[in-house]
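*Asks:* First the structure, which I've put down as structure tokens, then a few questions once you've had a look.
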There are 2 protein chains.
Amino acid sequence: MEGVDYLIDERKKAQFDVEAMKVAWAGSRETLEVSNRMAKLVANDPVFEKFTRPMLGRKELFKNTLRKAAHGWKLIVDLRLTEEEAKWLRLYIDEPAYTDLHWGMFIPAIEGQGTEEQKKKWLPLAQKMKIIGCYAQTELGHGSNVQGLETTATFDPQADEFVIHSPTLTSSKVSKMFMRWWPGGLGKASTHALVYARLIVGGEFHGVHGFIVQLRSLEDHSPLPGITVGDIGLKFGNGAYNTMDNGVLRFDHVRIPRNQMLMRQTIVADASKALSRAVCIATRYSAVRRQFGSRNGGPETQVIDYKTQQSRLFPLLASAYAFRFVGEWLKWLYTDVKQRLEANDFSTLPEAHACTAGLKSLTTTATADGIEECRKLCGGHGYLVSSGLPELFAVYIPACTYEGDNVVLLLQVARFLVKTVSELGYKQPVGTTAYMGRMAALMQNNCAVRTAEDWLNPGAIVEAFEVRAARMSVACGQRLAKFENPEEGFAELASDLVEASVAHCQLIVILCYVYALFLLHKHQGDFLAIGYLTPKQALLANDQLRTLYSKVRPNAIVLVDSFNYTDHYLGSILGRYDGNVYPKLYDAAWQDPLNDSDVADGFHQYVQPILKQKLHSAKL
Amino acid sequence: MEGVDYLIDERKKAQFDVEAMKVAWAGSRETLEVSNRMAKLVANDPVFEKFTRPMLGRKELFKNTLRKAAHGWKLIVDLRLTEEEAKWLRLYIDEPAYTDLHWGMFIPAIEGQGTEEQKKKWLPLAQKMKIIGCYAQTELGHGSNVQGLETTATFDPQADEFVIHSPTLTSSKVSKMFMRWWPGGLGKASTHALVYARLIVGGEFHGVHGFIVQLRSLEDHSPLPGITVGDIGLKFGNGAYNTMDNGVLRFDHVRIPRNQMLMRQTIVADASKALSRAVCIATRYSAVRRQFGSRNGGPETQVIDYKTQQSRLFPLLASAYAFRFVGEWLKWLYTDVKQRLEANDFSTLPEAHACTAGLKSLTTTATADGIEECRKLCGGHGYLVSSGLPELFAVYIPACTYEGDNVVLLLQVARFLVKTVSELGYKQPVGTTAYMGRMAALMQNNCAVRTAEDWLNPGAIVEAFEVRAARMSVACGQRLAKFENPEEGFAELASDLVEASVAHCQLIVILCYVYALFLLHKHQGDFLAIGYLTPKQALLANDQLRTLYSKVRPNAIVLVDSFNYTDHYLGSILGRYDGNVYPKLYDAAWQDPLNDSDVADGFHQYVQPILKQKLHSAKL
Ligand SMILES: Cc1cc2nc3c(=O)[nH]c(=O)nc-3n(C[C@H](O)[C@H](O)[C@H](O)COP(=O)(O)OP(=O)(O)OC[C@H]3O[C@@H](n4cnc5c(N)ncnc54)[C@H](O)[C@@H]3O)c2cc1C
Ligand SMILES: Cc1cc2nc3c(=O)[nH]c(=O)nc-3n(C[C@H](O)[C@H](O)[C@H](O)COP(=O)(O)OP(=O)(O)OC[C@H]3O[C@@H](n4cnc5c(N)ncnc54)[C@H](O)[C@@H]3O)c2cc1C
Ligand SMILES: [Ca+2]
């Protein structure tokens, strides 16, 4: 069976060079090579086996994660891997672990916000993993509202120390709200935490700041005096995020030296990975799966050939590509802002902040929804854990909440947009809002499209999205102006503001025609409501979309092959590279512990007495 | 702490009588009382404890389910519960189990499709649970396409028996596709199955029919000769549907007596239960949760008071009510069709079929999406298993796939709509399509709304939805007419056809203003595209929606109290009746096995060596 490729006919249909696209997707040939090497290293190492993960109890599951992390670190040290290689290695281990927070939050925060002295002290310890750090910001009662945190760091000038303390009020309900709750790696693994708290100096509040606090003994790992720490319990999914020790933490007058205070920062995640995985699985399986439409005893139709399947799947395929390039662009934006700040140029900062906040919200929402749609696209089999989709979904969805609740972020974007519009008279909008500089034209022009092909003109699409975003922002601004108290207006119109923000953020992502036309169809109401499109033009866009789907069809399989994911990384029987789905599904089933015996454990106790009508004398 | 009600202020805001609404939701006072009694019976019985379920390994989990089923059956027998009471009891046990298929599919199929003789033989056995039955239709390779099933039942006239056989072709890939795959209760519990197979008599195919086949010995439960049977392995979620032994089954020339053949039937599920549970949790927690907006050190704003929260939550609350009444109406429809059939009146059958198919698709899709939205509405804490939402989602989502894939069902509705439109000249449309009889008016009239209040007129809303559904169907019909081969046209236009079906089905559900106006806003593109609404009118609808939200707000908590769910049934710390969320979350965390010890299992093996830089000599 091995070596057969059930998707070979599909791959022959390709109309572009898959190797070139792999390079484009990876970013560069070097990256592709490093990533390939690390993917293979992980896939061939039995310690990194993933299949049994969802079957493990919580303790075993966590222990298994500790083992993988230790083994991964050993490889990094033994093979003297570069930082870049280590990053890919961790990615392909493909399991939420305390190391994510250590390398992804704790170390970057010290690098970005520490003084030279602090860096000299903490970075070598952290980089050699002599200490393990996490990022502890959220309280049980305070997530989105960071300024509302209640834990205090009070400066004691005599001792030259801070006293970190979670308030204890008389009511236990209230005091529990002030505990840390959620930080990954905090529950069981971390020795240190970056803790955000209200700085109090001389009785006065001086804002929320970060503090490096040691939590556990470096000798025996037991919690230090004044520290109560534990795991917060089961989360969504089976294996999924339960490999992570998200933690609860409480401080009772814990003292730390003065030089352990830092400042806040934010980090943006890349949404294209998770969506492209799901799309890869759904696309391959849709080409393998056949249902209905057999003529004269011939094979049935591949479900990927149904137009409904295409209209659900191909926009997601397009989004995966769009988000990949948005990710690259965000990297550029980050470097650009950093360089400007070093030159004391703060002018683009608000725009860059709005942009990252908006794109985080937009891409993570679309990705979470997209993974679930991919699961549905696989019919019943998408519901099996062995399809890889349930665990992918369960791991991904908190991204809509952590690093900023998506709705709260869109409200921040809305504030920025409204401000930009109100200042148009005297301030030139920059970056992604530059189009608002052409406001007069955007308020007047209507769409010039006359044929379906006209919709292939990038100018036509971009203009449509610019007009929509501009007019929706202006409309919000006008309605806001009617309120005496602007804050009240903002609260009252919040939903419309969020819709305007979405319109603005989608504009930024409009790189792929398929995705753009799909969005245009989905939100045709906006375009018609602002009077920019006529119904006829909207219909033409839909026609064009249908034509585009048939152009995507022959390339569908190689478009997902270009993501270059190993079967180990995909972790999906439905998404196997070779399309050999059914025998493998069957083999996997027999590995379930329930199939250890023909007659199930519990049968004699709990079923036999029913069948034999002897329940009255049974011990249940 | 017990006895305190943190939501009491909310309950005081109510503007209607919650007790009366409970009766309305339940359907009648008698139903409410039975349901209450059974809910209490279950909640107070420690065997039915649900909290630890997601922590159990697969074998333990399944054994626990067997135990609950046995205990439940014992109560039913010992307390001589009525059928109605038994149904509620099983519902409140609230866990997918083999008994669902036995009582919900196997027995009704025999009741509905069996001959008098068959009923006499099988019903007493099944009703006393001397045998356990399941419903085995889906093959690994054939789900949606039932007519494509490959398992055969060949009549052997000599022996007067059927020979049930799963084809075995030379390629193992192909032969595996013909095994049964998915049926609930099949893997480990059932002794019998209702098997759908191709009937072959004298070498000729006579359609797909149902056969009662014994699978396991009634003595020792071992599989009978010719039968290979097992569990298909882990599914989405933690506990969730993994309490069910969805099974794989293969026949090797299994013989059954001739009198064990039945016929096919379909059953419709009620979507309002799952959505109302999720909405109940999200609404209560949104009233408990406070974030931002504190003035002068006062309490922060309840997140339910944010307009964005309301615009996401309240339409779901309205849908829950709408779906509840749709469920009642479907019951009426079922009785009506049955009575007509008995009187040999087949005239409403196609309409009734399209109607149930469409509503199944519409309500299950909206419910699945709605549960996930409720989870997001709870912020980070919605991701905890103890919120109840992850397991609710995981259990519910397959409803979008089983009993008919939702897209495949919408395509069936589309076929019916297109046919109805094409016959308008000479055939009066009936039932839910009666509005199409006024086609001339619907094609001409435009919306007469002039103020936001006009949108409160039910006539205005219903007309808008009628016009939309009618014009979209007609447009599809016109485009189809351009194809020479109608089937090709249908395939090509499938996506638009599905959109027209959705428009028609939503019309049926338009009972609640909030839900209707929400849908109108969400799909304003359709209304504008068909030229029925002006942008100004769409805006007025949105204004009215905002006003309605503020009217819903004071009643939100009692609207969900009216569902009358016990805390045991809800199974959610966030959705507790008393709103005492935080201390309970905290207590629950400490029950996770990871918190058994301060230092995690695996620390000494896998973390200590890292921290001590002794990984080289560690045994991983
Ligand atoms: C898996 C996971 C891992 C995490 N890891 C970490 C970690 O390592 N470190 C850490 O510090 N934290 C972590 N967190 C916590 C995370 O950062 C918070 O959950 C997040 O900030 C959201 O806050 P919240 O949960 O308080 O949601 P809430 O703010 O309570 O949101 C509840 C609802 O209220 C709405 N809402 C809130 N404010 C407003 C407003 N002003 N206007 C309108 N609507 C509003 C939201 O949209 C949402 O619908 C993690 C969370 C998860 C789920
Ligand atoms: C939890 C669970 C419990 C179940 N319990 C039972 C049970 O007790 N007994 C039983 O017999 N079965 C059971 N099933 C099986 C269930 O009935 C099937 O999964 C369902 O019928 C869908 O078929 P499928 O999985 O083959 O999907 P497919 O038909 O393979 O669907 C895959 C994709 O193709 C698309 N597609 C298919 N045909 C068309 C078409 N003609 N036009 C356009 N698009 C199309 C679908 O929309 C979907 O996106 C269960 C399934 C689950 C998940
Ligand atoms: Ca588990």
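The values are calculated or read from the model by the stated rules, or taken from the named source; none is laboratory data. This is a predicted model, so every value here is computed, not measured. For neighbour counting, all protein chains shown are included, and Cβ atoms are generated from backbone atoms with ideal geometry for every residue, glycine included.
*Asks:* Looking only at strands (runs of 3 or more DSSP E) that fall completely inside the range A:205-295, which ones have 2 or more residues that are away from ligand 3 (no atom under 16 Å from the Cβ), away from chain B (no Cβ under 14 Å) and surrounded by fewer than 18 Cβ atoms within 10 Å (Cβ to Cβ)?
*Replies:* Strands (runs of 3 or more DSSP E) meeting the threshold: A:254-257.
For (1) at pLDDT 85 or above; (2) buried (at least 21 other Cβ atoms within 10 Å of the Cβ), each residue gets a yes or a no:
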position: A:ASN485; (1), (2): yes, no
position: A:PHE490; (1), (2): yes, no
position: A:CYS505; (1), (2): no, yes
position: A:GLY525; (1), (2): yes, yes
position: A:TYR577; (1), (2): yes, no
position: A:LYS584; (1), (2): yes, no
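*Asks:* For the range B:77-89, name all the residues that are part of a helix (DSSP H, G or I) and either within 16 Å of ligand 2 (Cβ to nearest atom) or surrounded by fewer than 19 Cβ atoms within 10 Å (Cβ to Cβ) (or both).
*Replies:* B:VAL77, B:ASP78, B:GLU83, B:GLU84, B:GLU85, B:LYS87
*Asks:* Among the residues of the range B:42-70 satisfying the criterion of being outside any helix (DSSP H, G or I) and of a type in the set (A, V, I, L, M, F, W, C), which is surrounded by the most Cβ atoms within 10 Å (Cβ to Cβ)?
*Replies:* Looking only at the range B:42-70, we keep the residues that are outside any helix (DSSP H, G or I), and these are B:44-45, B:49-52, B:56-57.
Pick out the ones that are also of a type in the set (A, V, I, L, M, F, W, C) and you get B:51, B:56.
Numbers: B:PHE51: 13, B:LEU56: 18.
Applying the filter and picking the extreme gives B:LEU56.
*Asks:* Residue check: is A:PRO46 in contact with an Asp or Glu (Cβ under 8 Å, 6 or more places away or on another chain) and under 30 Å from A:TYR241 (Cα atoms)?
*Replies:* Working: in contact with an Asp or Glu (Cβ under 8 Å, 6 or more places away or on another chain): no; under 30 Å from A:TYR241 (Cα atoms): yes.
Considered against the rule, which asks whether it is in contact with an Asp or Glu (Cβ under 8 Å, 6 or more places away or on another chain) and under 30 Å from A:TYR241 (Cα atoms), A:PRO46 comes out as no.
Yes/no per residue for (1) of a type in the set (Gly, Ala, Ser); (2) under 29 Å from the mean Cα position of the chain (by Cα):
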position	(1), (2)
A:LEU528	no, no
A:ASN542	no, no
A:LEU548	no, yes
A:LYS551	no, no
A:THR566	no, yes
A:SER572	yes, yes
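*Asks:* Return only the number of the condition from (1) small (Gly, Ala, Ser); (2) within 16 Å of ligand 3 (Cβ to nearest atom); (3) more than 8 Å from chain B (Cβ to nearest Cβ) that A:ALA394 does not satisfy.
*Replies:* Going through the list (1) small (Gly, Ala, Ser); (2) within 16 Å of ligand 3 (Cβ to nearest atom); (3) more than 8 Å from chain B (Cβ to nearest Cβ), A:ALA394 breaks only (3).
*Asks:* Also, I was wondering about something else. Which residue pairs have Cβ atoms under 6 Å apart, sit 6 or more places apart or on different chains, and have a first residue in the range A:131-149 that is at the interface with chain B (Cβ under 10 Å from one of its Cβ atoms) and a second that is within 16 Å of ligand 2 (Cβ to nearest atom)?
*Replies:* Taking only residues 6 or more apart or on different chains, not a single pair turns up.
*Asks:* Another question about this same structure. Return the total of residues in the range A:208-230 being within 27 Å of A:THR115 (Cβ to Cβ) and in contact (Cβ under 8 Å) with a residue 40 or more places away in the chain. Don't jump to the end; show me each part of the working.
*Replies:* Of all residues in the range A:208-230, those within 27 Å of A:THR115 (Cβ to Cβ) come to A:208-218, A:224, A:226-227.
Filter once more, keeping what is in contact (Cβ under 8 Å) with a residue 40 or more places away in the chain: A:208-214, A:218.
Count: 8.
*Asks:* Residues being within 11 Å of chain B (Cβ to nearest Cβ), of a type in the set (Val, Ile, Thr) and part of a loop (DSSP other than H, G, I, E, B): count how many of those fall in the range A:399-431.
*Replies:* Matching residues across the range A:399-431 total 1.
*Asks:* Something else: Evaluate the following for A:TYR569: is it buried (at least 19 other Cβ atoms within 10 Å of the Cβ), part of a loop (DSSP other than H, G, I, E, B) and more than 11 Å from every other protein chain (Cβ to nearest Cβ)?
*Replies:* No.
*Asks:* Does A:GLU300 qualify as being acidic (Asp, Glu) and at pLDDT below 85?
*Replies:* no
*Asks:* So, B:LEU545, is that one within 21 Å of B:ALA278 (Cα to Cα), crowded, with 22+ Cβ neighbours inside 10 Å and either in contact with a helix residue (DSSP H, G or I) (Cβ under 7 Å, 6 or more places away or on another chain) or in contact (Cβ under 8 Å) with a residue 24 or more places away in the chain (or both) or not?
*Replies:* no
*Asks:* Could I ask something else about it? With part of a helix (DSSP H, G or I), within 13 Å of another protein chain (Cβ to nearest Cβ) and not hydroxyl-bearing (Ser, Thr, Tyr) as the only criterion, which of B:GLN339, B:GLN309 stands out?
*Replies:* Numbers: B:GLN339 fails: within 13 Å of another protein chain (Cβ to nearest Cβ).
Residue meeting the stated conditions: B:GLN309.
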